[in-house]
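The values are calculated or read from the model by the stated rules, or taken from the named source; none is laboratory data. Predicted model only: the values in this text are computed from it and were never measured. Please note: Cβ atoms are built from the backbone with ideal geometry, for glycine as well, and neighbour counts cover all protein chains shown.
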Amino acid sequence: MIVKLDGNLDDDDRPMHAMMVALKDIHATATDRRWKLHCGECQYVGPWATAVLAAAYIEGVRRQQHPRLVLPEVPSALAAYCSFSGLRHLVRKEPTPKADHPESETIPLEQFTQASWDRSNRIIALLRRHTELDSEREEQIRSCVQEVTQNIVDHADSPIGGVLSARYMSASREVRVGIVDRGIGIARSLAREYPDTHNSMKALQRVTQGGFTSRSRPNNMGIGVSNLFLMVKSAGGRMAIFTGDAFAALHGSAGSPVIQSLGCDFPGTGVFFTLPTDA
Amino acid sequence: MLLAMDATVINAKDFIDEKKPVIDSAAKVGDQAASILRAGGSVVVSVQDVRGVSSSFFNVILSRVAIVLHNDFGDGRFEVQTGNKTQALIYQRSLDAVKRHGPQ
């Protein structure tokens, strides 16, 4: 099976929605069936897409699908991003440039299986190289990363753990973060405690509202996702969560998350957010 | 600040190993706080030097404390000192959740 992506895989809910739909056959691929994903003609690949692509590739290797991922070679800035982000190392084993390379505005991909304190260190180190980061904004970024990684460890049952990608955008002065797992999705996790969580839209309504938890562990009180939305909203950032066959999107500091059907099934959960780096 | 002058201050940062899970250090902080409260003392947990708190971090601490306090956080023997608005927000929401659900 060959799937082709082109255009801008931008860090926003609409292009991500389009990307998820384009990837639906790969995401639904049974074990042992080979696939190739051709991204060579994409004009932009951001950290949100990077996390999804990396998770698909890692899961494809795990399921013996012999995945092949063709990355863009032009324009040169995009090719450089594919190197700095660790994507090229993932698929072709080419070395990733050092994390503190002066031209790098991205952290290399991280695959994780535990929610440790140092999960956000490389993101903060990246931002400090490029901008003045005040302590409040640093705390928001670190806490947002912690909420997502803890959720994956506690609830996702993801065979690959989680995959994290992040990039600093100097033009818009914001950090963009994508964290993806290939687990059971929010609906199945919540249904353990709330059997009437019939679908992903209802699950997203519940977790964005807060107070609903699968109680997978004693530390779960069901407020992590709603904390995340509050922090992103108060900072004037953007956020999207894709899980199962639905997604929730938040733009800026106005309003509540909008929850919609995805139109296909994403086998896991992807949490994507942007935060301004200026106070 | 409403605690007695002889409250024991626990600096959460002293219990943190950066490479280890967040909830492991939270459990240590919570156990330390619970031990002091069980003995009749007062406790201030300071997170002012901690970077990247999460709801799980506070949930674990507060759940352990809630058992000793019988979920009565108004008795004046326990307090958390936060260092910024984000920490204060996350702490307050965890406190509200633990009070609502009870200790686990």
> Across the stretch B:6-59, what is the total count of residues that are more than 19 Å from residue B:84 (Cα to Cα), charged (D, E, K, R) and in contact (Cβ under 8 Å) with a residue 24 or more places away in the chain?
Replying inline: 3
>> Can you tell me which residue is farthest from the other protein chains (Cβ to nearest Cβ) among those in the stretch B:21-49 that are of a type in the set (A, V, I, L, M) and out of contact with any strand residue (DSSP E or B) (no Cβ under 9 Å at 6 or more places or on another chain)?
In response: B:39
> Can you name the residue in the stretch A:215-233 that is of a type in the set (S, T, N, Q) and part of a loop (DSSP other than H, G, I, E, B) and is also farthest from the other protein chains (Cβ to nearest Cβ) among such residues?
Replying inline: A:216
> So is residue A:68 touching a Ser or Thr at 6+ places or on another chain (Cβ under 6 Å) and among the charged types (D, E, K, R) or not?
Replying inline: no
>> Take the residues in the stretch A:195-214 that are buried (at least 17 other Cβ atoms within 10 Å of the Cβ) and in a loop (DSSP other than H, G, I, E, B); name whichever of them is modelled with the lowest pLDDT.
In response: A:214
> Can you tell me which residues in the stretch A:117-133 are more than 20 Å from the chain's Cα centre (by Cα) and within 12 Å of chain B (Cβ to nearest Cβ)?
Replying inline: A:133
> Within the stretch A:176-194, restricting attention to residues that are surrounded by fewer than 22 Cβ atoms within 10 Å (Cβ to Cβ) and of a type in the set (Lys, Arg), which residue is nearest to the other protein chains (Cβ to nearest Cβ)?
Replying inline: A:192
> Which one of the conditions (1) surrounded by fewer than 24 Cβ atoms within 10 Å (Cβ to Cβ); (2) modelled with pLDDT of 95 or more does residue B:33 fail to meet, given that it meets all the rest?
Replying inline: (1)
> In the stretch A:113-134, how many residues are among the aliphatic types (A, V, I, L, M) and either in a strand (DSSP E or B) or free of Cβ contacts under 8 Å to residues at least 24 places away in the same chain (or both)?
Replying inline: 1
>> Name the residue that is surrounded by the most Cβ atoms within 10 Å (Cβ to Cβ), counting only residues in the stretch B:75-95 that are over 26 Å from residue A:212 (Cβ atoms) and within 14 Å of the chain's Cα centre (by Cα).
In response: B:78
>> For residue A:139, only one of the following conditions fails: (1) over 19 Å from the mean Cα position of the chain (by Cα); (2) modelled with pLDDT of 95 or more; (3) more than 20 Å from residue A:232 (Cα to Cα). What is its number?
In response: (3)
>> Give all pairs with beta carbons closer than 7 Å in which a residue from the stretch A:25-47 that is in contact (Cβ under 8 Å) with a residue 24 or more places away in the chain and within 26 Å of residue A:81 (Cβ to Cβ) meets a residue that is of a type in the set (Phe, Trp, Tyr) and in a helix (DSSP H, G or I); count only pairs at least 6 apart in sequence or on separate chains.
In response: A:45/A:81
